[in-house]
Amino acid sequence: MLTTLVMAVTGTGCGDVCFDDFDCRDQGTGEQVYTCVKNRCELTSNPVPDAGTGTDAGTSTDAGTSDAGTNTDAGATTDAGTGGDAGTTTDAGTNTDAGTTTDAGTDTDAGTGGDAGTTTDAGTDTDAGTTTDAGTDPDAGTDPCESATYDPKLGTLQLQTGFVAGESAPLPAAAGPLGVTPGPTYSLYTVVSKGYTGPHALYSLGTWPQVELGATPLFDVAAPADRGPSASLFLSPFVETDGQRVLTGYTKSGGGFPGSVGVYDSAAPSAPTYVSAPSNFSAGVVPGAFLINGGGLGTVSAGLGIYALKTDTFTALKVGTLPPETGGSGFTAVSTNGVAMLGYFSDDTFLNEGRAVGPATIAQALTSGTPFDVAAAPSLDVGSNFVAASGHGEGVSVLRGDYVPPDYNFAGTDISRFAFTVTDAGATVTIGARQPVLVYVDQCTSVTGLNSIGTDLLVGVDDKNGTRLVRIQQAPQAR
């Protein structure tokens, strides 16, 4: 499962060129963020600072409470050191001098240097700043996520009408992008990577819901020419499988972001296939082929578009043309009734867009080699940006939200589903109204990824209780 959610960026899609961190603002999410390193948007940790770190506004000198040092405060009536100085003829407000034989305004002035002279901070055990901490916007230590109520499966996410939460399983910390076989037995795969220089390998992740990382890798994601301690690779955020074969990919720095996709075949595990695939960003499975959203495939290089790798011959062709306003690669998701949601980043709207292409249109392009026009297909009315997508029964679900200034961290709003109705022998698709599935009530629990599992949705969830997978099913009356 994705440890960070990535989105298409302007220019050439995944991992675009940058000049400063602002250029990477449309990437990253939650606990990780992209920063500009050597003109490349790279994924880095983005720890949320605790609201009481730094220097607490009330440690050395007390933040203004009653002095805890003497029975009579060294500033009662006439403040120690104001008006008449605490140490003139009239003592600092009391008959008994404020705290010491030495007048409270000479050698040890009441309230300077160390606070009024006691080990316990002036006033209370709790630092003088309990309502609003003296010096920070949020009160030190009042993180709302610490006191929030967490569901064991969904955390603070709220399930919406028409859906139920099924099985849940912890996700191993080393797991990366996730793939699930079509079923009825759902085998899981993931990519484990040791940083940009690797190694990068495909592993079994068990059979749902018994999720467990395999002991040995299945195959090396990197093509032979791209292996070695000096090879820096950027893994693509997808693992796709048709039940027998598993597809994943990566890109590298350079013009057009060269890269490859690799196919592991469980029927021939010692003979993986590697195919050149610049700017590969997302992928999906249709009958007889993998669809790849990127800048080319094999010897077919025709700019950003939708390409197909046929699984019987491993031949490549372009099957879909993206509209002129395309500024970057987009997301790919396939429903159980064969509709492919094919996406792109729009330079007109500065959002990710998605179009629903019918199964007959895809099959014809695979047979004829003539690409279809993605823009001719109906558009999903998402109503916001989205940063992940997955097939969800006879439809797709997307993770909605946006990147919020000033830091441009991703803030999710909900997962929503769009149902697809197919008519005219698969040539026509009608898109249903947006239906919320899971809603964010705060940012204490985040979604880390979406995958289809049969007719259901497998959601990666992360919060203070750890990272886990939750199966979301349609309620029986909603099927």
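The values are calculated or read from the model by the stated rules, or taken from the named source; none is laboratory data. Computed from a predicted model, the values in this text were never measured in an experiment. Please note: Cβ atoms are built from the backbone with ideal geometry, for glycine as well, and neighbour counts cover all protein chains shown. Surface areas here come from the heavy atoms of the whole protein model, side chains and all, with no ligands, DNA or RNA. Shrake-Rupley method; radii C 1.70, N 1.55, O 1.52, S 1.80 Å.
Annotations for the structure displayed:
- Condition check for residue 338: part of a loop (DSSP other than H, G, I, E, B) and small (Gly, Ala, Ser): yes
- Contacts under 8 angstrom Cβ, first residue in segment 253-279 being farther than 22 Å from residue 196 by Cβ, partner basic (Lys, Arg) and in a strand (DSSP E or B), 6 or more apart: 263/245; 265/245; 266/245
- Conditions (1) open to solvent by less than 50 Å² (accessible area, probe 1.4 Å); (2) part of a loop (DSSP other than H, G, I, E, B); (3) touching a Gly at 6+ places or on another chain (Cβ under 7 Å): number failed by residue 182: (1)
- Residue match in segment 419-427 (condition: under 22 Å from the mean Cα position of the chain (by Cα) and either free of Cβ contacts under 8 Å to residues at least 40 places away in the same chain or closer than 30 Å to residue 165 by Cβ (or both)): no
- Scan of segment 185-196 for residues that are open to solvent by 10 Å² or more (accessible area, probe 1.4 Å) and under 22 Å from the mean Cα position of the chain (by Cα), ordered by number: 189, 192, 193, 194, 195, 196
- Search result, residues across segment 144-175 that are on the phi < 0 side of the Ramachandran plot, open to solvent by less than 60 Å² (accessible area, probe 1.4 Å) and part of a loop (DSSP other than H, G, I, E, B): 148, 150, 154, 156, 157, 160, 171, 172, 174, 175
- Any hit, segment 253-269, residues being closer than 19 Å to residue 364 by Cβ and surrounded by fewer than 24 Cβ atoms within 10 Å (Cβ to Cβ): no
- Screening residue 393 on (1) over 22 Å from residue 156 (Cβ atoms); (2) in a strand (DSSP E or B) shows it passes everything except condition (2).
- Condition check for residue 217: open to solvent by 50 Å² or more (accessible area, probe 1.4 Å) and either assigned to a loop (DSSP other than H, G, I, E, B) or at pLDDT below 95 (or both): yes
- Qualifying residue in segment 190-203 (condition: at positive phi and outside any strand (DSSP E or B)): yes
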